[in-house]
Structure formats: C-alpha cells, structure tokens
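Below: the structure, in structure tokens.
The values are calculated or read from the model by the stated rules, or taken from the named source; none is laboratory data. Predicted, not measured: the structure shown is a model, and the values here were computed from it. Positions of Cβ are generated from backbone atoms using ideal geometry, with glycine treated the same way; all protein chains shown enter the neighbour counts. All accessible areas refer to the heavy atoms of the entire protein, side chains included, with ligands and DNA or RNA removed. Shrake-Rupley method; radii C 1.70, N 1.55, O 1.52, S 1.80 Å.
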Amino acid sequence: MKLTSQSKTLSYNVFPLIFSLMLLMAATVTAKTFKPTFKPTMEISRATSDIDIDGLFKETAWKNTAWSDNFVERNPGDNIEPLVETKVMVTYNNDNLYVGFICYDDPATLRATMCQRDQYSGNDKVIILMDTYGVASWAYEFHVNPYGIQQDVLWTNIVGEDTGYDLIWNAAAQITESGYQVEIAIPFSSIRFPNQEIQSWRMDFWRVQPRESYHQYSWSANDRNEQCWPCQWGTVNGIRGVYPGKGIEVLPSFIANQSGEIADVFNPQIPFDNQDINGELSLGGKYSLNSDITLEATYNPDFSQIEADAAQIDVNSPVTLFLN
C-alpha cells in the first residue's frame, strides 16, 4: 500500500511537468514555422473574369489568382515575423496588371489622409515595386493608402526617388472590420517593359504600418549587407501575350472666357453688357521614341493647366488663371 501511494504521488507530480514540456515544445515548433524568403518567385495566370477596381474583391477572378502572405518585417526588425498579416494577389489580362492587398489590422489604429494625389506622408499604405527590365537602374513605385489615395514614384540608382513622376493607373481601397484592402490596376500602356511574348519582372510588395515605430513589411526578405535594392526583390513570372503601349499621349483642351461691364454705374436702368465669348483651342502631345528619348510638343499651351498646377475651374473670377 505504501508503494502504491508513492506511485500515485509521483504520477500527480509528473503530469504538470509533462504538460509544461508539451507547451514548450509546441511554442518552439510554432516559432520555427516563420521563415523569411529571399528573392521569392510567383507564377501568375491570366484573369478568368473582368475586374472592377473598387476594393471589394467580389469578382471570381480573385479566387483563382496567385497569392502570398509570407511577408517579413524589414524595419525596424531584421527579417522577423510581422506584427500583422498581409496577403497579396496578382493577376492580369490583355490591358492591365492587377494587384490586390488584404491588410489585417485594427481599423481604429489606421493612419490615413484624405487628400489630393501624392500629398500625404506618414500613412498606412501598400506599395508595388517594379523593375520590368531587371536592370536595377530604375524602377516604378505605386503607393496606395487605406482611402485609395495614390502616389507614384520613379526610382533611379542615380538620384533616388522622383516623387514628381506621374502615370495613369487606377486604385481603390476599403476599410473593413479586419483592417483594409486595396485593388490596383496598372495599364500595360502606361509602363515600359521588353517587347517580347513572355515577361519576367523583378517585383516586390510592401506594406507600411506607422505606429510607435515605422514598421515596413515586404514580400522579399532584406539583406542589409546588399547595397543593390532592386537586386533583392522577388520575381513575378507568367505574364504572356501583353505588349507595351506606343508611348503616344494626346491632351486636347478648350478654354473659354467671357467678360462684361455696366457702362454707367450711376444709372441702375443700364443693363449689364456682356461681351462675346472668347475661346482658344490647345493641344499637347508626347511620343516616346525609346526608353531614353521622349518628344513633346504643344500648340497654344494653357500654362495655367500644366502638370505643375492642379487643374483649375473658375467662374466669375475678377482675374484670369495663371501659373503659380
């Protein structure tokens, strides 16, 4: 009876120890499941249906896209597991490259600015990086915040980021109960890439989460000893049968104005005298000869509506519009 009692006491003492060891082993296995991927690859396929850019992912095409959620924190951590989960999806059709982001987070903590294009900083956002020629000398950047506000940047290894660069592309975002999500369509006619049947592009997908620290997450792991930034990006394969645009842009415009006056301000019976409407036609054009040379020409340019200024529409102004 004494031995039996000792045996029972031993079993009662060992069970908590065994349970603790099991928890420790489970935690160790879980910790080892995260592994950063250097220079990842993604094989994408053509979209199975049309995609409406509204940030909702309601089209069946998104259900069949290539995707990845193996992001790493590159800053301030060094290739560690991110604080939040991010999923990126990529597909295409004859006209556009489509990229979708699902960013999990507490929506109450999101930082986003409702503003004009290119005018925000310090926001939550997602970024597409594209080196379509794989030469690591220049690349496109496409930024979108949780309100769908766009930023586009041209990066070069000589001057860095040119934030004044503008392309024609489309984006929309939705803030959800579990974070936010973004849909992006980049027309092939807006970008330059090799004129060949099968494309293989060096790309990376980023997410910025500014909180107590400025957290940056990326699809491709980061080697801080490597000075070539685009050389570390992943590769997107599988784009077939698409071709760059001809590099032709035409921007017609028509500006009209009308003025008038009261001939005798002391006679209330005199009607307001409107003069004839004056109108002017303007035409601008751009043609890209190759990746290094672009020709631009204008006829009767309206200097109040060039890219340096936001477009202006004014009525009953005492002065005409002018270049700021």
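On the basis of being within 27 Å of residue 117 (Cα to Cα), aromatic (Phe, Trp, Tyr), modelled with pLDDT under 80 and open to solvent by 100 Å² or more (accessible area, probe 1.4 Å), does residue 303 make the cut?
Values: within 27 Å of residue 117 (Cα to Cα): yes; aromatic (Phe, Trp, Tyr): yes; modelled with pLDDT under 80: yes; open to solvent by 100 Å² or more (accessible area, probe 1.4 Å): yes.
Against the criterion (within 27 Å of residue 117 (Cα to Cα), aromatic (Phe, Trp, Tyr), modelled with pLDDT under 80 and open to solvent by 100 Å² or more (accessible area, probe 1.4 Å)), residue 303 qualifies.
Return the residue satisfying two criteria in turn: it lies in segment 133-152 and is in contact (Cβ under 8 Å) with a residue 60 or more places away in the chain and surrounded by fewer than 22 Cβ atoms within 10 Å (Cβ to Cβ), and of such residues it is nearest to residue 196 (Cα to Cα).
Step one: of segment 133-152, the residues in contact (Cβ under 8 Å) with a residue 60 or more places away in the chain are 133-134, 136, 139, 148.
With the extra rule that they be surrounded by fewer than 22 Cβ atoms within 10 Å (Cβ to Cβ), the set shrinks to 133-134, 136, 148.
Values: 133: 11, 134: 14, 136: 19, 148: 32 Å.
This residue is 133.
Within segment 198-231, take every residue that is touching a Pro at 6+ places or on another chain (Cβ under 8 Å) and hydrophobic (A, V, I, L, M, F, W, C) and give me the one that is farthest from residue 86 (Cα to Cα).
Out of the qualifying residues, it is 221.
Name the residue that is surrounded by the fewest Cβ atoms within 10 Å (Cβ to Cβ), counting only residues in segment 63-91 that are β-branched (Val, Ile, Thr) and within 16 Å of residue 209 (Cβ to Cβ). Step through it out loud before you land on a result.
Of all residues in segment 63-91, those β-branched (Val, Ile, Thr) come to 65, 72, 80, 84, 86, 88, 90-91.
So of that shortlist, the ones also within 16 Å of residue 209 (Cβ to Cβ) come out as 72, 80, 84, 86, 88.
Details: 72: 22, 80: 12, 84: 17, 86: 23, 88: 26.
Among those residues, the one meeting the criterion is 80.
Looking at segment 220-250 only, could you name the residues that are in a helix (DSSP H, G or I) and either open to solvent by less than 10 Å² (accessible area, probe 1.4 Å) or closer than 30 Å to residue 301 by Cβ (or both)?
Here is the first cut: in segment 220-250, the residues in a helix (DSSP H, G or I) are 230-232.
Answer for segment 220-250, where residues must be in a helix (DSSP H, G or I) and either open to solvent by less than 10 Å² (accessible area, probe 1.4 Å) or closer than 30 Å to residue 301 by Cβ (or both): just 230.
Somewhere in segment 264-276, is a residue open to solvent by 50 Å² or more (accessible area, probe 1.4 Å), of a type outside the set (Gly, Ala, Ser), without any contact (Cβ under 8 Å) to a residue 24 or more places away in the chain and within 30 Å of residue 95 (Cα to Cα)?
Within segment 264-276 (the criterion being open to solvent by 50 Å² or more (accessible area, probe 1.4 Å), of a type outside the set (Gly, Ala, Ser), without any contact (Cβ under 8 Å) to a residue 24 or more places away in the chain and within 30 Å of residue 95 (Cα to Cα)), the answer is no, since none of the residues qualifies.
Failed condition for residue 259, given (1) touching a Gly at 6+ places or on another chain (Cβ under 7 Å); (2) modelled with pLDDT of 80 or more; (3) hydroxyl-bearing (Ser, Thr, Tyr), with all others met?
Among (1) touching a Gly at 6+ places or on another chain (Cβ under 7 Å); (2) modelled with pLDDT of 80 or more; (3) hydroxyl-bearing (Ser, Thr, Tyr), residue 259 violates only (1).
Could you go through segment 177-184 and let me know if any residue there is within 15 Å of residue 100 (Cβ to Cβ), β-branched (Val, Ile, Thr) and surrounded by fewer than 18 Cβ atoms within 10 Å (Cβ to Cβ).
no
What do you reckon, is residue 268 more than 20 Å from the chain's Cα centre (by Cα) and not hydroxyl-bearing (Ser, Thr, Tyr)?
Values: more than 20 Å from the chain's Cα centre (by Cα): yes; not hydroxyl-bearing (Ser, Thr, Tyr): yes.
Judged against the criteria, residue 268 is a match.
Could you check segment 117-132 and list, in sequence order, the residues that are in a strand (DSSP E or B) and surrounded by fewer than 22 Cβ atoms within 10 Å (Cβ to Cβ)? If you could, list the steps in order and put the result at the bottom.
First, the residues of segment 117-132 that are in a strand (DSSP E or B): 125-131.
Of everything in segment 117-132, just one residue is in a strand (DSSP E or B) and surrounded by fewer than 22 Cβ atoms within 10 Å (Cβ to Cβ), namely 127.
For segment 237-249, name all the residues that are touching a Lys or Arg at 6+ places or on another chain (Cβ under 8 Å) and at pLDDT 80 or above. Walk me through it before giving the result.
Filtering segment 237-249 for residues touching a Lys or Arg at 6+ places or on another chain (Cβ under 8 Å) gives 240, 244, 247-249.
Within segment 237-249, 240, 244 qualify.
Within segment 136-186, considering only strands (runs of 3 or more DSSP E) that don't extend past its boundaries, which have at least 2 residues that are over 19 Å from residue 201 (Cβ atoms) and acidic (Asp, Glu)?
Values: elements: 138-144, 150-156, 160-162, 170-176.
Ranges flagged: 160-162.
Would you mind stating whether residue 208 is over 30 Å from residue 247 (Cβ atoms), β-branched (Val, Ile, Thr), part of a strand (DSSP E or B) and modelled with pLDDT of 95 or more?
yes
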